[in-house]
Amino acid sequence: MLPPFKIKSVEPVYTTTRDYRIKRIKQVGYNPFLLPATDITVDLLTDSGTSAMSDRQWAGIMMGDESYAGSSNFKHLKESVQDIMGFPYTLPAHQGRGAEKILDRALVKRGQIIPGNIHFDTTKAHIEDAGGRAVDCTIDEIYDPQSTHPFKGNVNLDKLETAIKQDPANVAYVLITITCNSGGGQPVSLANIKAVARITRKYNCLLFIDAARYAENAYFIKERESGYKKWIVKQIAHEIFSVTDGCTMSAKKDALVNIGGFIGLKSKELYKKMVPLCVLLEGFPTYGGMNGRDMEAIAIGLHEGVDENYLRHRTGQVADLGEQMKKSGIPVLVPFGGHAVYIDAKKFFPHIKREHFPGQALAIEFYIEGGIRVVGIDAVLAGRDPDTGKNIFPELELVRLAIPRRVYMKEHLDYVAECAAKIWNRRKLVRGVQFDFESPIMRHFQSTFKVI
Ligand SMILES: *Cc1c(COP(=O)(O)O)cnc(C)c1O
(Lines give C-alpha, C1' and ligand atoms only; values in the text may rest on other atoms or scores of the structure.)
Protein backbone atom coordinates (compact mmCIF):
# COMPACT_ATOMS: atom_id res chain seq x y z
CA MET A 1 0.00 0.00 0.00
CA LEU A 2 1.54 3.27 -1.10
CA PRO A 3 1.57 5.75 1.80
CA PRO A 4 -0.19 8.93 0.64
CA PHE A 5 2.44 11.17 2.27
CA LYS A 6 6.20 11.46 2.53
CA ILE A 7 8.39 12.74 5.33
CA LYS A 8 9.59 16.32 5.78
CA SER A 9 10.37 16.41 9.48
CA VAL A 10 11.37 13.51 11.69
CA GLU A 11 11.42 12.72 15.40
CA PRO A 12 13.57 10.07 17.08
CA VAL A 13 12.33 6.61 17.99
CA TYR A 14 13.81 5.61 21.33
CA THR A 15 15.21 2.12 21.69
CA THR A 16 16.05 0.45 24.99
CA THR A 17 17.30 -2.98 26.10
CA ARG A 18 15.07 -5.65 27.52
CA ASP A 19 16.94 -5.49 30.88
CA TYR A 20 16.32 -1.74 31.05
CA ARG A 21 12.62 -2.21 30.32
CA ILE A 22 12.23 -4.94 32.96
CA LYS A 23 13.83 -2.61 35.49
CA ARG A 24 11.86 0.48 34.46
CA ILE A 25 8.41 -1.12 34.36
CA LYS A 26 9.03 -2.49 37.85
CA GLN A 27 10.13 0.96 39.07
CA VAL A 28 6.86 2.54 37.91
CA GLY A 29 4.74 -0.15 39.56
CA TYR A 30 3.94 -2.04 36.36
CA ASN A 31 1.80 0.77 34.99
CA PRO A 32 2.86 1.91 31.48
CA PHE A 33 0.95 5.21 31.97
CA LEU A 34 3.67 6.19 34.45
CA LEU A 35 6.54 5.80 31.97
CA PRO A 36 7.98 8.92 30.31
CA ALA A 37 7.60 9.00 26.51
CA THR A 38 11.37 8.70 26.06
CA ASP A 39 11.20 5.17 27.51
CA ILE A 40 8.76 4.11 24.77
CA THR A 41 9.71 2.75 21.33
CA VAL A 42 6.28 2.52 19.68
CA ASP A 43 3.49 4.37 21.50
CA LEU A 44 0.05 2.91 20.81
CA LEU A 45 -1.56 4.28 23.97
CA THR A 46 -4.02 6.45 22.04
CA ASP A 47 -4.88 7.96 18.66
CA SER A 48 -6.09 11.12 20.42
CA GLY A 49 -4.06 14.25 19.77
CA THR A 50 -1.14 12.15 18.52
CA SER A 51 -1.54 12.84 14.77
CA ALA A 52 1.27 14.15 12.60
CA MET A 53 0.22 17.44 11.04
CA SER A 54 0.83 18.20 7.36
CA ASP A 55 3.04 20.92 5.92
CA ARG A 56 -0.19 22.79 5.04
CA GLN A 57 -1.35 22.64 8.65
CA TRP A 58 2.03 23.89 9.91
CA ALA A 59 1.87 26.69 7.37
CA GLY A 60 -1.60 27.46 8.74
CA ILE A 61 -0.16 27.62 12.26
CA MET A 62 2.03 30.51 11.10
CA MET A 63 -1.10 32.33 9.95
CA GLY A 64 -2.54 32.41 13.47
CA ASP A 65 -4.75 35.44 14.04
CA GLU A 66 -4.80 35.76 17.82
CA SER A 67 -7.47 38.46 17.97
CA TYR A 68 -9.69 37.95 20.99
CA ALA A 69 -12.79 38.50 18.88
CA GLY A 70 -13.42 37.78 15.22
CA SER A 71 -10.22 35.84 14.46
CA SER A 72 -9.98 35.06 10.75
CA ASN A 73 -8.97 31.51 11.69
CA PHE A 74 -12.37 31.04 13.31
CA LYS A 75 -13.95 32.13 10.04
CA HIS A 76 -11.93 29.42 8.23
CA LEU A 77 -12.91 26.82 10.82
CA LYS A 78 -16.58 27.76 10.46
CA GLU A 79 -16.26 27.50 6.66
CA SER A 80 -14.72 24.02 6.88
CA VAL A 81 -17.44 22.81 9.26
CA GLN A 82 -20.11 24.21 6.93
CA ASP A 83 -18.44 22.76 3.84
CA ILE A 84 -17.82 19.24 5.16
CA MET A 85 -20.49 18.73 7.80
CA GLY A 86 -23.09 21.18 6.53
CA PHE A 87 -23.62 22.95 9.86
CA PRO A 88 -24.07 26.72 9.57
CA TYR A 89 -23.19 27.35 13.24
CA THR A 90 -19.92 26.44 14.94
CA LEU A 91 -18.99 26.89 18.59
CA PRO A 92 -15.30 26.28 19.28
CA ALA A 93 -14.10 24.38 22.37
CA HIS A 94 -10.69 23.44 23.75
CA GLN A 95 -11.31 19.73 23.01
CA GLY A 96 -14.18 17.26 22.68
CA ARG A 97 -15.13 17.25 26.34
CA GLY A 98 -15.39 21.05 26.36
CA ALA A 99 -17.99 20.74 23.60
CA GLU A 100 -19.77 18.01 25.57
CA LYS A 101 -19.93 20.17 28.66
CA ILE A 102 -21.60 23.04 26.79
CA LEU A 103 -24.05 20.70 25.03
CA ASP A 104 -25.09 18.92 28.23
CA ARG A 105 -25.44 22.08 30.30
CA ALA A 106 -27.66 23.48 27.57
CA LEU A 107 -29.83 20.45 26.89
CA VAL A 108 -29.92 18.07 29.86
CA LYS A 109 -32.37 18.48 32.73
CA ARG A 110 -32.04 16.41 35.89
CA GLY A 111 -33.40 12.89 35.44
CA GLN A 112 -33.49 13.00 31.64
CA ILE A 113 -32.09 10.21 29.48
CA ILE A 114 -29.70 10.31 26.54
CA PRO A 115 -30.08 7.09 24.54
CA GLY A 116 -27.39 6.06 22.05
CA ASN A 117 -24.76 3.50 21.13
CA ILE A 118 -22.10 2.97 23.83
CA HIS A 119 -21.29 6.48 25.04
CA PHE A 120 -17.62 7.41 25.37
CA ASP A 121 -16.36 7.78 29.01
CA THR A 122 -16.09 11.58 29.05
CA THR A 123 -19.41 11.85 27.24
CA LYS A 124 -21.12 9.69 29.84
CA ALA A 125 -19.39 11.59 32.65
CA HIS A 126 -20.63 14.96 31.35
CA ILE A 127 -24.15 13.62 30.87
CA GLU A 128 -24.16 12.38 34.47
CA ASP A 129 -22.60 15.61 35.71
CA ALA A 130 -25.56 17.47 34.19
CA GLY A 131 -27.96 15.11 36.00
CA GLY A 132 -28.78 12.93 32.99
CA ARG A 133 -28.40 9.24 32.31
CA ALA A 134 -26.80 7.56 29.28
CA VAL A 135 -28.87 4.62 28.02
CA ASP A 136 -27.01 2.07 25.91
CA CYS A 137 -29.06 0.91 22.92
CA THR A 138 -26.28 -0.67 20.83
CA ILE A 139 -26.99 -3.90 18.91
CA ASP A 140 -25.93 -7.08 20.73
CA GLU A 141 -23.27 -7.95 18.13
CA ILE A 142 -20.99 -5.29 19.59
CA TYR A 143 -20.46 -7.48 22.67
CA ASP A 144 -19.44 -10.51 20.59
CA PRO A 145 -15.74 -10.22 19.59
CA GLN A 146 -16.18 -12.82 16.84
CA SER A 147 -19.34 -11.46 15.21
CA THR A 148 -18.38 -10.19 11.75
CA HIS A 149 -21.34 -7.78 11.45
CA PRO A 150 -20.03 -4.94 9.23
CA PHE A 151 -21.67 -2.22 11.36
CA LYS A 152 -21.34 -3.38 14.94
CA GLY A 153 -21.74 0.20 16.16
CA ASN A 154 -25.38 0.31 15.00
CA VAL A 155 -28.20 1.35 17.29
CA ASN A 156 -30.82 -1.30 18.09
CA LEU A 157 -33.91 0.54 16.85
CA ASP A 158 -36.37 -1.39 19.03
CA LYS A 159 -34.37 -0.68 22.16
CA LEU A 160 -34.15 2.97 21.16
CA GLU A 161 -37.85 3.35 20.48
CA THR A 162 -38.74 1.57 23.72
CA ALA A 163 -36.46 3.93 25.66
CA ILE A 164 -37.96 7.02 24.01
CA LYS A 165 -41.62 5.92 23.97
CA GLN A 166 -41.94 5.69 27.75
CA ASP A 167 -41.68 9.47 27.96
CA PRO A 168 -40.41 11.38 24.92
CA ALA A 169 -40.29 14.61 26.93
CA ASN A 170 -37.77 12.97 29.24
CA VAL A 171 -35.27 12.48 26.39
CA ALA A 172 -32.70 15.30 26.42
CA TYR A 173 -31.37 14.19 23.03
CA VAL A 174 -30.26 11.03 21.24
CA LEU A 175 -26.54 10.60 20.59
CA ILE A 176 -24.87 8.40 17.97
CA THR A 177 -21.12 7.98 18.39
CA ILE A 178 -19.31 7.38 15.09
CA THR A 179 -17.28 5.28 15.04
CA CYS A 180 -18.31 3.59 18.30
CA ASN A 181 -15.03 4.04 20.18
CA SER A 182 -15.91 2.14 23.35
CA GLY A 183 -17.15 -0.77 21.22
CA GLY A 184 -13.85 -1.18 19.36
CA GLY A 185 -13.97 1.62 16.77
CA GLN A 186 -16.89 -0.07 14.99
CA PRO A 187 -18.85 1.93 12.40
CA VAL A 188 -22.55 2.79 12.20
CA SER A 189 -24.29 2.42 8.84
CA LEU A 190 -25.96 5.33 7.09
CA ALA A 191 -29.19 3.32 6.93
CA ASN A 192 -29.07 2.99 10.72
CA ILE A 193 -28.37 6.70 11.24
CA LYS A 194 -31.30 7.56 8.97
CA ALA A 195 -33.56 5.11 10.79
CA VAL A 196 -32.61 6.66 14.13
CA ALA A 197 -33.38 10.09 12.66
CA ARG A 198 -36.85 8.89 11.61
CA ILE A 199 -37.50 7.80 15.19
CA THR A 200 -36.23 11.04 16.72
CA ARG A 201 -38.39 13.04 14.30
CA LYS A 202 -41.42 10.90 15.12
CA TYR A 203 -41.05 11.69 18.83
CA ASN A 204 -39.78 15.21 18.30
CA CYS A 205 -36.39 14.56 19.95
CA LEU A 206 -33.05 16.10 19.08
CA LEU A 207 -30.39 13.96 17.40
CA PHE A 208 -26.68 14.63 17.85
CA ILE A 209 -23.57 12.90 16.57
CA ASP A 210 -20.40 12.40 18.61
CA ALA A 211 -18.28 12.94 15.51
CA ALA A 212 -14.70 12.27 16.76
CA ARG A 213 -14.11 9.61 14.05
CA TYR A 214 -16.81 10.57 11.56
CA ALA A 215 -14.42 10.40 8.57
CA GLU A 216 -13.31 6.84 9.36
CA ASN A 217 -17.00 5.95 9.78
CA ALA A 218 -17.89 7.57 6.44
CA TYR A 219 -15.09 5.61 4.77
CA PHE A 220 -16.44 2.32 6.18
CA ILE A 221 -19.88 3.24 4.80
CA LYS A 222 -18.33 3.68 1.38
CA GLU A 223 -16.52 0.35 1.67
CA ARG A 224 -19.19 -1.79 3.28
CA GLU A 225 -22.68 -0.38 2.71
CA SER A 226 -24.39 -1.02 -0.59
CA GLY A 227 -25.16 2.05 -2.67
CA TYR A 228 -22.25 4.27 -1.59
CA LYS A 229 -19.28 2.91 -3.59
CA LYS A 230 -19.41 5.84 -6.01
CA TRP A 231 -19.94 8.52 -3.37
CA ILE A 232 -16.99 10.56 -2.20
CA VAL A 233 -16.40 10.44 1.57
CA LYS A 234 -17.21 14.12 1.97
CA GLN A 235 -20.64 13.55 0.42
CA ILE A 236 -21.27 10.65 2.78
CA ALA A 237 -20.24 12.81 5.74
CA HIS A 238 -22.64 15.50 4.56
CA GLU A 239 -25.43 12.95 4.27
CA ILE A 240 -24.79 11.70 7.82
CA PHE A 241 -24.97 15.14 9.39
CA SER A 242 -27.89 16.28 7.21
CA VAL A 243 -30.36 14.16 9.20
CA THR A 244 -29.14 15.42 12.60
CA ASP A 245 -29.40 18.59 14.68
CA GLY A 246 -25.71 18.90 15.36
CA CYS A 247 -22.51 17.29 16.56
CA THR A 248 -19.78 17.46 19.15
CA MET A 249 -16.29 17.00 17.80
CA SER A 250 -12.97 16.08 19.34
CA ALA A 251 -10.66 17.51 16.68
CA LYS A 252 -7.85 15.42 18.22
CA LYS A 253 -9.10 12.48 16.15
CA ASP A 254 -10.33 12.93 12.57
CA ALA A 255 -9.40 16.61 12.26
CA LEU A 256 -5.73 15.58 12.48
CA VAL A 257 -4.61 18.05 15.14
CA ASN A 258 -3.08 17.78 18.59
CA ILE A 259 -5.73 19.76 20.47
CA GLY A 260 -9.13 21.31 19.80
CA GLY A 261 -12.83 20.68 19.35
CA PHE A 262 -16.16 22.25 18.50
CA ILE A 263 -19.94 21.95 18.36
CA GLY A 264 -21.63 22.07 14.95
CA LEU A 265 -25.28 23.15 14.91
CA LYS A 266 -28.11 23.46 12.45
CA SER A 267 -30.40 25.74 14.42
CA LYS A 268 -29.78 29.37 15.24
CA GLU A 269 -31.94 29.01 18.31
CA LEU A 270 -29.75 26.28 19.81
CA TYR A 271 -26.66 28.24 18.88
CA LYS A 272 -27.97 31.29 20.73
CA LYS A 273 -28.76 29.15 23.75
CA MET A 274 -25.23 27.75 23.84
CA VAL A 275 -23.23 30.96 23.22
CA PRO A 276 -23.40 32.17 26.86
CA LEU A 277 -22.29 28.73 28.06
CA CYS A 278 -19.37 28.81 25.62
CA VAL A 279 -18.31 32.18 27.05
CA LEU A 280 -18.66 30.90 30.60
CA LEU A 281 -16.95 27.52 30.17
CA GLU A 282 -14.57 27.76 27.20
CA GLY A 283 -14.11 31.32 25.95
CA PHE A 284 -15.46 33.96 23.59
CA PRO A 285 -17.41 32.23 20.79
CA THR A 286 -14.76 32.97 18.16
CA TYR A 287 -11.99 31.07 20.00
CA GLY A 288 -13.57 28.87 22.71
CA GLY A 289 -10.33 27.94 24.46
CA MET A 290 -8.23 27.55 21.34
CA ASN A 291 -5.44 29.64 19.87
CA GLY A 292 -6.18 31.20 16.50
CA ARG A 293 -3.43 29.02 15.02
CA ASP A 294 -5.05 25.85 16.39
CA MET A 295 -8.32 26.74 14.70
CA GLU A 296 -6.49 27.19 11.40
CA ALA A 297 -4.88 23.75 11.75
CA ILE A 298 -8.35 22.24 12.33
CA ALA A 299 -9.85 24.13 9.39
CA ILE A 300 -7.21 22.51 7.15
CA GLY A 301 -7.15 19.15 8.95
CA LEU A 302 -10.89 18.64 8.48
CA HIS A 303 -10.34 18.62 4.72
CA GLU A 304 -7.33 16.30 4.92
CA GLY A 305 -9.28 13.96 7.20
CA VAL A 306 -11.84 13.13 4.48
CA ASP A 307 -9.18 12.53 1.80
CA GLU A 308 -9.79 9.00 0.55
CA ASN A 309 -6.17 8.10 -0.12
CA TYR A 310 -5.41 9.00 3.46
CA LEU A 311 -8.40 7.05 4.82
CA ARG A 312 -7.60 3.97 2.71
CA HIS A 313 -4.05 3.97 4.04
CA ARG A 314 -5.11 4.59 7.63
CA THR A 315 -7.80 1.93 7.88
CA GLY A 316 -5.48 -0.36 5.87
CA GLN A 317 -2.69 0.09 8.44
CA VAL A 318 -5.02 -0.91 11.26
CA ALA A 319 -6.34 -3.91 9.33
CA ASP A 320 -2.83 -5.02 8.33
CA LEU A 321 -1.64 -5.05 11.94
CA GLY A 322 -4.80 -6.94 12.93
CA GLU A 323 -4.38 -9.51 10.14
CA GLN A 324 -0.77 -10.17 11.07
CA MET A 325 -1.71 -10.85 14.68
CA LYS A 326 -4.65 -13.00 13.64
CA LYS A 327 -2.33 -15.10 11.47
CA SER A 328 -0.11 -15.71 14.49
CA GLY A 329 -3.16 -17.12 16.29
CA ILE A 330 -3.69 -14.15 18.58
CA PRO A 331 -7.37 -13.65 19.57
CA VAL A 332 -8.24 -10.26 18.07
CA LEU A 333 -11.56 -8.48 17.87
CA VAL A 334 -13.09 -8.52 14.36
CA PRO A 335 -13.88 -6.76 12.10
CA PHE A 336 -10.88 -4.49 12.70
CA GLY A 337 -11.98 -1.03 13.78
CA GLY A 338 -11.02 2.31 12.28
CA HIS A 339 -8.38 3.43 14.74
CA ALA A 340 -7.17 0.46 16.76
CA VAL A 341 -6.66 -3.28 17.02
CA TYR A 342 -8.11 -4.92 20.14
CA ILE A 343 -6.84 -8.15 21.69
CA ASP A 344 -9.13 -10.37 23.78
CA ALA A 345 -6.99 -10.68 26.92
CA LYS A 346 -9.19 -13.34 28.55
CA LYS A 347 -8.55 -15.63 25.58
CA PHE A 348 -4.87 -14.63 25.37
CA PHE A 349 -4.24 -15.63 29.01
CA PRO A 350 -6.94 -18.16 29.96
CA HIS A 351 -4.78 -19.24 32.92
CA ILE A 352 -4.86 -15.76 34.51
CA LYS A 353 -7.90 -15.16 36.72
CA ARG A 354 -9.86 -11.99 36.06
CA GLU A 355 -9.06 -10.61 39.50
CA HIS A 356 -5.42 -10.82 38.43
CA PHE A 357 -6.09 -8.55 35.45
CA PRO A 358 -5.05 -10.36 32.25
CA GLY A 359 -5.36 -7.08 30.30
CA GLN A 360 -2.85 -5.32 32.53
CA ALA A 361 -0.54 -8.36 32.34
CA LEU A 362 -0.59 -8.16 28.55
CA ALA A 363 0.10 -4.41 28.53
CA ILE A 364 3.13 -5.04 30.75
CA GLU A 365 4.39 -7.77 28.39
CA PHE A 366 4.11 -5.46 25.35
CA TYR A 367 6.39 -3.03 27.12
CA ILE A 368 8.92 -5.66 28.23
CA GLU A 369 8.96 -7.39 24.84
CA GLY A 370 9.41 -4.35 22.64
CA GLY A 371 9.03 -1.04 24.48
CA ILE A 372 5.48 -0.86 23.06
CA ARG A 373 2.87 1.04 25.05
CA VAL A 374 -0.73 -0.17 24.85
CA VAL A 375 -3.70 0.18 27.20
CA GLY A 376 -6.17 -2.19 28.80
CA ILE A 377 -9.86 -1.48 28.21
CA ASP A 378 -10.54 -3.88 31.01
CA ALA A 379 -11.44 -4.51 34.65
CA VAL A 380 -8.73 -2.13 35.91
CA LEU A 381 -10.42 0.65 33.96
CA ALA A 382 -13.95 -0.45 34.94
CA GLY A 383 -13.27 0.12 38.67
CA ARG A 384 -15.48 -0.97 41.55
CA ASP A 385 -19.23 -1.05 42.04
CA PRO A 386 -20.04 1.98 44.23
CA ASP A 387 -22.64 -0.04 46.20
CA THR A 388 -20.89 -3.35 46.82
CA GLY A 389 -17.26 -2.19 46.57
CA LYS A 390 -16.50 -5.23 44.41
CA ASN A 391 -14.46 -5.16 41.21
CA ILE A 392 -16.60 -4.74 38.09
CA PHE A 393 -15.69 -7.33 35.47
CA PRO A 394 -16.86 -6.04 32.10
CA GLU A 395 -18.06 -8.49 29.45
CA LEU A 396 -14.84 -8.01 27.50
CA GLU A 397 -11.30 -7.76 28.82
CA LEU A 398 -9.53 -5.98 25.95
CA VAL A 399 -6.11 -4.57 25.25
CA ARG A 400 -6.13 -1.73 22.73
CA LEU A 401 -3.38 -0.93 20.25
CA ALA A 402 -4.42 2.52 18.95
CA ILE A 403 -2.65 3.75 15.83
CA PRO A 404 -1.74 7.46 15.76
CA ARG A 405 -2.62 9.08 12.42
CA ARG A 406 0.20 9.48 9.82
CA VAL A 407 2.86 8.76 12.47
CA TYR A 408 4.17 5.20 12.12
CA MET A 409 5.37 3.36 9.05
CA LYS A 410 4.72 -0.24 8.09
CA GLU A 411 8.05 -1.28 9.61
CA HIS A 412 7.00 0.00 13.03
CA LEU A 413 3.75 -1.91 12.91
CA ASP A 414 5.45 -5.06 11.58
CA TYR A 415 7.69 -4.81 14.63
CA VAL A 416 4.63 -4.58 16.88
CA ALA A 417 3.14 -7.68 15.22
CA GLU A 418 6.43 -9.57 15.69
CA CYS A 419 6.59 -8.66 19.37
CA ALA A 420 2.93 -9.69 19.82
CA ALA A 421 3.72 -13.10 18.29
CA LYS A 422 6.68 -13.54 20.66
CA ILE A 423 4.48 -12.83 23.68
CA TRP A 424 1.85 -15.21 22.29
CA ASN A 425 4.45 -17.99 22.01
CA ARG A 426 5.48 -17.65 25.65
CA ARG A 427 2.02 -16.77 26.98
CA LYS A 428 1.78 -19.71 29.39
CA LEU A 429 4.70 -18.32 31.41
CA VAL A 430 3.10 -14.91 31.97
CA ARG A 431 1.62 -14.24 35.41
CA GLY A 432 -1.14 -11.92 36.51
CA VAL A 433 -0.88 -8.88 38.78
CA GLN A 434 -2.54 -7.41 41.84
CA PHE A 435 -2.82 -3.85 43.11
CA ASP A 436 0.05 -2.43 45.09
CA PHE A 437 -1.62 0.99 45.24
CA GLU A 438 -5.21 1.23 44.05
CA SER A 439 -6.15 4.69 42.87
CA PRO A 440 -9.71 5.57 44.02
CA ILE A 441 -10.84 6.97 40.64
CA MET A 442 -9.81 6.27 37.03
CA ARG A 443 -7.74 3.36 38.32
CA HIS A 444 -5.76 2.76 35.14
CA PHE A 445 -3.98 6.13 35.24
CA GLN A 446 -2.35 6.16 38.67
CA SER A 447 -2.54 2.68 40.24
CA THR A 448 0.55 0.55 40.72
CA PHE A 449 0.80 -3.25 40.68
CA LYS A 450 2.78 -6.27 41.86
CA VAL A 451 3.37 -9.35 39.75
CA ILE A 452 1.96 -12.45 41.44
C1 LIG B 1 -11.89 11.45 22.48
C2 LIG B 1 -13.35 11.35 22.46
C3 LIG B 1 -14.16 12.27 23.15
C4 LIG B 1 -13.60 13.35 24.04
O5 LIG B 1 -12.78 14.21 23.36
P6 LIG B 1 -11.48 14.89 24.01
O7 LIG B 1 -10.95 15.70 22.88
O8 LIG B 1 -10.57 13.79 24.45
O9 LIG B 1 -11.95 15.73 25.15
C10 LIG B 1 -15.53 12.12 23.03
N11 LIG B 1 -16.06 11.14 22.31
C12 LIG B 1 -15.33 10.25 21.64
C13 LIG B 1 -15.98 9.17 20.84
C14 LIG B 1 -13.94 10.31 21.71
O15 LIG B 1 -13.21 9.39 21.07
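The table for this structure:
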item: Subset of Lys202/Lys230; Lys159/Lys202; Lys109/Lys252; Lys347/Lys410; Lys152/Lys326 violating a 22 Å alpha-carbon distance limit; result: Lys202/Lys230; Lys109/Lys252; Lys347/Lys410
item: Cα-based shape type of segment 55-304, given that a ≥ b ≥ c are square roots of the gyration tensor eigenvalues and the cut on a/c is 1.5; result: oblate
item: Span from the segment 275-353 Cα centroid across to the segment 361-417 one, whole angstrom; result: 15 Å
item: Radius 13 Å from Cβ of Lys450, net charge of other residues (Lys, Arg +1; Asp, Glu -1); result: 0
item: Val275-Lys194 FRET efficiency (beta carbon distance; Förster radius 51 Å; 0.05 resolution); result: 0.95
item: Cα centroid separation, segment 185-257 to segment 429-452 (Å); result: 38 Å
item: Within straight-line cross-link reach of Lys450, lysines at Cα separation under 18 Å, skipping those fewer than 8 residues along the same chain; result: Lys23, Lys26, Lys353
item: Relative packing of peptides 50-56, 232-238 - highest average C-beta neighbours within 10 Å first; result: 232-238, 50-56
item: Carbon and sulfur %, accessible surface of the chain computed with the full protein complex present, 1.4 Å; result: 54 percent
item: Cβ crowding within 10 Å averaged over residues, with 386-394, 440-448 ranked highest first; result: 440-448, 386-394
item: Peptides 11-19, 115-123, 422-430 ordered by average Cβ neighbours within 10 Å, highest first; result: 115-123, 422-430, 11-19
item: CD proxy at 222 nm, helix term only [per DSSP H run n ≥ 4: -39500 (n - 2.57); per residue of the chain; nearest 500]; result: -12500 deg cm²/dmol
item: Set of aspartates and glutamates near Lys428 by C-alpha distance (under 16 Å), chain-local residues within fewer than 8 positions excluded; result: Asp344, Glu365, Glu369
item: Model label zone, Lys450; criterion: amide N under 13 Å from point 7 Å along Cα-to-beta-carbon; scope segment 404-444; result: 433-438
item: Å² per residue, accessible surface of segment 1-88 at 1.4 Å; result: 59 Å²
item: Neighbourhood net charge (15 Å Cβ-Cβ; Lys/Arg +1, Asp/Glu -1) for Asp414; result: -1
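The values are calculated or read from the model by the stated rules, or taken from the named source; none is laboratory data. Computed from a predicted structure; not experimentally measured. So basically every Cβ, Gly included, is an ideal-geometry build from the backbone, and we count neighbours across all protein chains shown. Remember, those area values only see protein heavy atoms, side chains included, never the ligands or the DNA or RNA. Shrake-Rupley method; radii C 1.70, N 1.55, O 1.52, S 1.80 Å.
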